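The values are calculated or read from the model by the stated rules, or taken from the named source; none is laboratory data. Note that the structure is a prediction, hence the values are computed from the model and not measured. Neighbour counts run over all protein chains shown; Cβ positions are idealised from the backbone, glycine included.
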Amino acid sequence: MKSKKNLTRFTYENAAFEGWRLCISRGGTTFTKYFPDKKFGGPRKALDAAEKALQILKGLLESTAKVRGKLSPTTIKKSESLLSKL
């Protein structure tokens, strides 16, 4: 499987982590979440979960107003909370 925009595949022969990393930057803030294959039951299921999370996060970030070009602290907390629940 190949990496996609905002989703990077990590597969190393000698590493403890294999899975997908979601990384998106908006309004001066970067959000990162890892989706390991072991937790989600394989690479395809981990990718599906990462794509779903990315879609939800993009919707939240694009629908909020920015304050002086930056995300508001409330939006940042909502986004981090959303990622921690997934």
> Quick one: how many residues across region 50-86 are farther than 19 Å from residue 23 by Cβ, small (Gly, Ala, Ser) and not in a loop (DSSP other than H, G, I, E, B)?
Replying inline: 1
>> Conditions first: (1) of a type outside the set (Ser, Thr, Tyr); (2) within 13 Å of the chain's Cα centre (by Cα); (3) surrounded by fewer than 13 Cβ atoms within 10 Å (Cβ to Cβ). Residue 68 passes all but one, so which condition is the exception?
In response: (2)
>> Quick test of your reading of the structure: residue 47 fulfils all but one of (1) touching a Lys or Arg at 6+ places or on another chain (Cβ under 9 Å); (2) part of a helix (DSSP H, G or I); (3) under 16 Å from residue 77 (Cα atoms). Name the failing condition by number.
In response: (3)
>> I'd like to know if region 50-61 contains one or more residues that are in contact with a strand residue (DSSP E or B) (Cβ under 8 Å, 6 or more places away or on another chain), small (Gly, Ala, Ser) and at pLDDT 90 or above.
In response: yes
>> Name the residue that is surrounded by the fewest Cβ atoms within 10 Å (Cβ to Cβ), counting only residues in region 23-44 that are within 17 Å of residue 77 (Cα to Cα) and of a type outside the set (S, T, N, Q).
In response: 28
> For region 25-33, does any single residue satisfy the condition of being under 15 Å from residue 5 (Cα atoms), among the hydrophobic types (A, V, I, L, M, F, W, C), assigned to a helix (DSSP H, G or I) and in contact (Cβ under 8 Å) with a residue 24 or more places away in the chain?
Replying inline: no
